[in-house]
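Participant: I have a structure here, written as structure tokens, and I will follow up with some questions on it.
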Amino acid sequence: MSGPNFSSLSRKNLLPGRVADGIRAEIEAGNLQPGDKLPTEHSLADSFAVSRSVIREAIAHLRNEGLVESRQGVGAFVTLPAERETLRIAADGLTDIERFRDLYQLRLVLEISAAGLAARNRTDAQLAALDDALAIMSGAKKWEEEGIAADLKFHEILAKATGNEYFPAVLGFIAQRIGQAIVTAREREGMKAVVSATISEHTAIRDAIASGNAEEARKVMKTHLVSAAQRVSLKMEFLEDGL
């Protein structure tokens, strides 16, 4: 067995979803076996020519699929096939606008509810973690790496703050696929990332959660998700006014 080969992938615009796709391919090819430890973050970052934050988000993506498990202080390991999740949505499949819209609608419904629950149930530590993610977003020099990774982290923390163990698993999986599809759409349409608007929307979400105002948290989350869809020219006629 030759071992995993990550260097054959294109290094242009590698984002967490694409890195995860590359690692997944090595697992499926048998170059990484159940029980094998993944290379270190530093090694993977060098192989893919991306930042370590991108690698961390890619590994989080694989955890959401059940392909790897993280052991604190040790690293990430390939899981046994019987332990893996069966739900999978390939990023390239979301180039079909109807499928992308359907998945986005699911995310919108779930994450609006998650924001309300997070406002009620978040801990001080989770609020501090939201602040950390927001600070990274605000200071990101390379938005397509640090900014998007911090954006995903913000939503991951919010899902955990619901106090419901299923929200992080489901929303984490959906957010990774949606995030990659949005990047692809921006590249295809030549759209510029509206970074200041994105940060402003996340700040409003953070403030509503900090105040414990569930109704406001749901409202500003809906505003953010609708605005994000509009920034990639996603038609919103599927939304109900009362959502």
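The values are calculated or read from the model by the stated rules, or taken from the named source; none is laboratory data. Nothing here was measured: the structure is a model prediction, and the numbers come from that model. Neighbour counts are summed over all protein chains in view; Cβ atoms, including those assigned to glycine, are modelled from backbone coordinates with ideal geometry.
Participant: For region 123-165, give me each residue that is assigned to a helix (DSSP H, G or I) and among the hydroxyl-bearing types (Ser, Thr, Tyr). Please lay out each step first, then the result.
Facilitator: Start the filter on region 123-165 by keeping residues that are assigned to a helix (DSSP H, G or I), which leaves 124-139, 143-160.
Correct list: SER138 only.
Participant: Just for region 164-198: of the residues that are within 20 Å of ASP132 (Cα to Cα) and surrounded by fewer than 18 Cβ atoms within 10 Å (Cβ to Cβ), which one is modelled with the lowest pLDDT?
Facilitator: VAL195
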